[in-house]
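Here the structure is laid out as structure tokens; the discussion comes afterwards.
Every read-out reported here was derived from the displayed coordinates using simple, explicitly stated rules and does not represent laboratory data. These numbers were taken from a predicted model, which means no experiment stands behind them. In this analysis, Cβ positions are derived from the backbone assuming ideal geometry, glycine residues included, and neighbour counts consider all displayed protein chains.
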Amino acid sequence: MLSLLQGAVRRTTSSEPIATAYNGRANSFGALRLVFALAVVLSHTAALGFGRPLMQRVDLGALAVAGFFTISGFLIVRSARRSSTPRFLWHRALRIWPGLWVCLLFTGLVVAPLLYLQRHGTLDGLWRSPGGVLDYLRQNWWGGLRQLGIADLLQGDTPYWRWQGGTTLNGSLWTLAYEIYCYLLVAVLAALTILRRQLRWIPLLAATAVFGVLCWNYFEYGAGRQGIWSTGAIGPLPLLGALQENYLLWYGFMFLVGGVAELYSDRLPINDLLGVLALMVAGWFTVSGSFFGPGLLAYAYVILWLAVRLPKALHRVGNKNDYSYGVYIYSFVVQQVMAKAGVQAIGVVGFFLASALLSVGLAMLSWHLVEKPALRFKHWTPAALRERPDDPASRSGGGPTEDVSDVGAAVPPGRIRAPKIGADPAVAPTAG
């Protein structure tokens, strides 16, 4: 008995760097991403199905998006360090855009006509009119949610409309722009060689500075004053539209934390006692309703700790088939249509389960018919750039290092609300 207790104490207090604890596909990042995606579905269940928040003090969507961005930062920086910058951008494009494009086409060419026909009895005025399907596809094609709805669909027909007045068809897509700009930032850092070991202190310094801003803002809000980057927007920027400064600050910080964790993976300790303490700290900040800098840091550590400490049975989740992105991009429109049809009459639990099952079904189709086939082109190279068999560089093994990591590792986030600085655009009046 004493030996068992001593062994438990040793396991709890011993540490190893995350570089050692993290082992390729032998991790629970896939399971965590799927949990976060379903957490977004649950959070939106109350907003879209019943016109109210799920909980008053705990924003489940905020927790989900914080987790998404932390995981994304860790895996995306890892991918950028293992491949050339053009190859990195190609992988990111394959992971985001094909699934998004099919989702937009499904919304514009299947969902919208059915809703419009039911509302008007005709399709006249749906396609080319201002705010119609063609505008919806053109405005949102590259990942920026610049047009929220189509024509007058959902107006007055849903609990969300009666609560907030929003006609957004797929509000979850609004965070993709922030994710894409994080990708572009990583590409720039990689091209400037800042992700190399000798210069990794620069992202660490940036994360420290942003952490300081978040702490400063917290106390400014408490004093009734505006903080730094708490209002206003950047842009509109090409293709993706404007970025709200407060969300860019929060999303960028979580992404930076994940990226810095990867850059310092040889020094960042994974310790069970520290993981439990971080979980307690993150939990306290969550229920207190003030999820600012220290709570975010603790939560990021919890995610990395769980990724390497959860049971090995969870390592298989998302290892070969990653449905979390599909759940994320389809669930909002699924729930809007279900709410219009009155499915919420079966109750919160029933509405959540029904929408989750339908979203998972669409996610499976998206993965097997669109996303996974697209990823088969991750090693494609334009003919003009291919090395010839008689090329000396080819014979000597020259050329950029190939990224053979799972490019399906990074999945866009759900949604987040920055504490005390405004509502979530996905479920706020400005989103309608």
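Diagonalise the Cα gyration tensor of the stretch 142-240 and give the resulting equivalent ellipsoid semi-axes, square root of 5 times each eigenvalue, largest first, whole Å. Before the final figure, lay out each step's value.
Details: eigenvalues 240, 100, 20 Å².
Its equivalent ellipsoid spans semi-axes of 35, 22, 10 Å.
Extending each Cα 7 Å along its Cβ direction at Met55 and His368, get the distance between those two points in nm, one decimal.
Here the modelled spin labels are 3.5 nm apart.
If you wrap a convex hull around the Cα atoms of the stretch 1-143, how much volume per residue is inside, in Å³?
196 Å³
What order do you get for Tyr328, Tyr299 when you list them from fewest to most C-beta neighbours inside 10 Å?
Numbers: Tyr328 31, Tyr299 24.
Placing the least packed residue first, the sequence is Tyr299, Tyr328.
Between Arg119 and Ala384, 0.36 nm times their residue separation minus their Cα-Cα distance comes to what? Each step should come with its number before you reach the end.
Values: separation 265, 0.36 × 265 = 95.40 nm, distance 5.20 nm.
Once the chain is fully extended between Arg119 and Ala384, it gains 90.2 nm.
How high is the FRET efficiency from Leu109 to Leu310, r the C-beta distance, R0 41 Å, rounded to 0.05?
Values: r = 40 Å, r/R0 = 0.98.
The computed FRET efficiency comes out at 0.55.
State whether the stretch 65-173 is rounded, prolate or oblate according to the following rule on the C-alpha gyration tensor (a ≥ b ≥ c being the square roots of its eigenvalues): a/c under 1.5 gives rounded; otherwise a/b larger than b/c gives prolate, and the remaining case gives oblate.
On the way: a/c = 3.61, a/b = 2.01, b/c = 1.79.
Cα axes put the stretch 65-173 in the prolate bin.
In the stretch 35-142, with Lys and Arg counted as +1 and Asp and Glu as -1 at Cβ, which of these residues, Ser83, Gly51, Phe36, has the Cα nearest the positive end of the dipole, that is, farthest along it?
Value: Ser83.
For the stretch 15-55, how big is the tail of P(r) above 13 Å, as a whole percent of Cα pairs? The partial results should precede the final answer.
Working: 531 of 820 pairs.
That fraction is 65 percent.
If you project the alpha carbons of the chain onto the principal axes, what extent comes out on each, in Å, largest first?
Computed over the Cα atoms, the extents are 68, 64, 47 Å.
What is the packing order of peptides 333-339, 196-202, taking the mean over residues of other C-beta atoms within 10 Å and listing the highest first? Could you put the intermediate results ahead of the total?
On the way: 333-339: 24.7, 196-202: 12.9.
Highest to lowest by the protection proxy: 333-339, 196-202.
Can you give me the Cα centroid spacing of the stretch 277-293 and the stretch 324-386 in angstrom?
That distance is 31 Å.
Please report, in debye to the nearest 20, how large the charge dipole of the chain is about its Cα centre when each Lys and Arg carries +1 at its beta carbon and each Asp and Glu carries -1 there. Show your work: numbers first, answer last.
Values: 36 positive and 21 negative charges, 130 e Å.
The dipole magnitude comes to about 620 debye.
Mind running the shape call on the stretch 102-153? Use the C-alpha gyration tensor, a ≥ b ≥ c as the square roots of the eigenvalues: rounded below 1.5 for a/c, prolate if a/b tops b/c, oblate otherwise. Mind showing how you got there, number by number?
Values: a/c = 2.28, a/b = 1.66, b/c = 1.38.
Prolate is the answer for the stretch 102-153, as a/c is 1.5 or above and a/b outweighs b/c.
Between Leu184 and Val35, what FRET efficiency comes out of the Förster formula 1/(1 + (r/R0)^6) with R0 = 35 Å and r the beta carbon distance, rounded to 0.05?
Details: r = 28 Å, r/R0 = 0.79.
FRET efficiency, Val35 to Leu184: 0.80.
Among 73-79, 279-285, how do they line up from the highest to the lowest mean number of other beta-carbon atoms within 10 Å?
73-79, 279-285
Arranged by the count of other C-beta atoms within 10 angstrom, fewest first, what order do Leu297, Leu185, Leu117 take?
Working: Leu297 20, Leu185 17, Leu117 12.
If I rank by nearby Cβ atoms, fewest first, I get Leu117, Leu185, Leu297.
For a quick check: sort Phe50, Phe88, Phe69, Phe253 by the number of other beta carbons within 10 angstrom, fewest at the front. If you can, show how the numbers build up before the last one.
Numbers: Phe50 17, Phe88 22, Phe69 34, Phe253 25.
Listed from fewest to most nearby Cβ atoms, that is Phe50, Phe88, Phe253, Phe69.
Sum -39500 (n - 2.57) across every DSSP H segment of at least 4 residues in the chain, then divide by the residue count to get the 222 nm mean residue ellipticity, nearest 500. Intermediate values should be presented prior to the final figure.
Values: 17 runs with 234 residues, N = 432.
Taking each H run of at least 4 residues, the total per residue is -17500 deg cm²/dmol.
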